[in-house]
Amino acid sequence: QKEVEQDPGPLSVPEGAIVSLNCTYSNSAFQYFMWYRQYSRKGPELLMYTYSSGNKEDGRFTAQVDKSSKYISLFIRDSQPSDSATYLCAMSVGNTGNQFYFGTGTSLTVIP
Amino acid sequence: DSGVTQTPKHLITATGQRVTLRCSPRSGDLSVYWYQQSLDQGLQFLIQYYNGEERAKGNILERFSAQQFPDLHSELNLSSLELGDSALYFCASSVAPGTREQFFGPGTRLTVL
C-alpha cells in the first residue's frame, strides 16, 4: 500500500465550478500537509500547507485536513482556465522529518 | 520562475551508460532535494543535502549518487542506466531542512533507450 493515495483523474469541469481534490494516507504520523500545482512541462509549485487538522483558506483555495479519517482535500472556488494543471498532495512527519511523500497527482482541466 | 536551475533540460542515452544532472538552488537556499517523477510512481524523494552534507535519504538506488558542492550546487549521478530509469528528475531547494516550502526547478527529462 502506498503511503499517499490520490485519484489521478482526469477531472474536467466548466469555468466557475467548485473543484474538490482529495488524498488519503496511511501514516498517522504525518503532521504537515501540502498541496502543489504543476503545470505541463514545469516543476511543482507550493499552493498551500497546513499543520495537523483543520482548514486553511487562501483566496479561492481552501485546504482541509481530517486526521481522524486520514483524508485531506483542496477546494478551488470559481475555477478558472488558468487553474488547469496537475495537483499533487504531499505530506511529511514533522520539522525534522524532511522527507515529503507525494501523491501521484490529479489532472484538472477547467473548460472556458 | 522559481530561481532553481537545472541542466540539461533533456537527456537521451543508452542502457548501461552514466549521466550527471546538475542543479543550482535559489540564492540563499542551503538545502537541496532530488526527486524522480514517473507516470506510475508519481514524485519520489531520492535524497537531500544541507550545506554540503547528506541530510536524508529516500528511495534512491545504489546505482545513483549525489553530492552538494561548496558553492551549494548539486549533482545527481545515475550509472548503469536501465530503461526504467527514464523519468523526470527534479531538484528543489529550501532555506533550511525544516522549511515547509520547497522551490522546484524545471526538471531534467531523462530518456534511456
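Of note:
- Within region A:43-57, the set of residues being over 15 Å from A:Ser73 (Cα atoms) and either in contact (Cβ under 8 Å) with a residue 24 or more places away in the chain or surrounded by fewer than 17 Cβ atoms within 10 Å (Cβ to Cβ) (or both) comprises A:Pro44, A:Glu45.
- Any hit, region A:92-107, residues being at the interface with chain B (Cβ under 9 Å from one of its Cβ atoms), β-branched (Val, Ile, Thr), touching a residue at least 40 places away in the same chain (Cβ under 8 Å) and outside any strand (DSSP E or B): yes
- Yes/no for A:Pro8 being within 13 Å of another protein chain (Cβ to nearest Cβ) and in contact (Cβ under 8 Å) with a residue 12 or more places away in the chain: yes
- Taking region A:21-62 as the region of interest, the strands (runs of 3 or more DSSP E) fully inside it that hold 1 or more residues being under 21 Å from A:Pro81 (Cβ atoms) and more than 11 Å from chain B (Cβ to nearest Cβ) are A:32-38, A:54-58.
- Residue that is nearest to the other protein chains (Cβ to nearest Cβ) [pool: residues in region B:43-60 that are of a type outside the set (A, V, I, L, M) and closer than 15 Å to B:Gly84 by Cβ]: B:Gln44
- Counting the residues of region B:62-113 that are in contact with a Leu (Cβ under 6 Å, 6 or more places away or on another chain), of a type in the set (Val, Ile, Thr) and within 14 Å of chain A (Cβ to nearest Cβ) gives 1.
- Scanning region B:42-58 for residues being under 24 Å from A:Cys23 (Cβ atoms) and aromatic (Phe, Trp, Tyr) gives a total of 1.
- Condition check for B:Arg26: among the charged types (D, E, K, R), surrounded by 13 or more Cβ atoms within 10 Å (Cβ to Cβ) and more than 28 Å from A:Val93 (Cα to Cα): no
Each reported figure results from applying straightforward, stated rules to the coordinates on display, with no laboratory input. Keep in mind that this is a model prediction, so the values were computed, not measured. Positions of Cβ are generated from backbone atoms using ideal geometry, with glycine treated the same way; all protein chains shown enter the neighbour counts.
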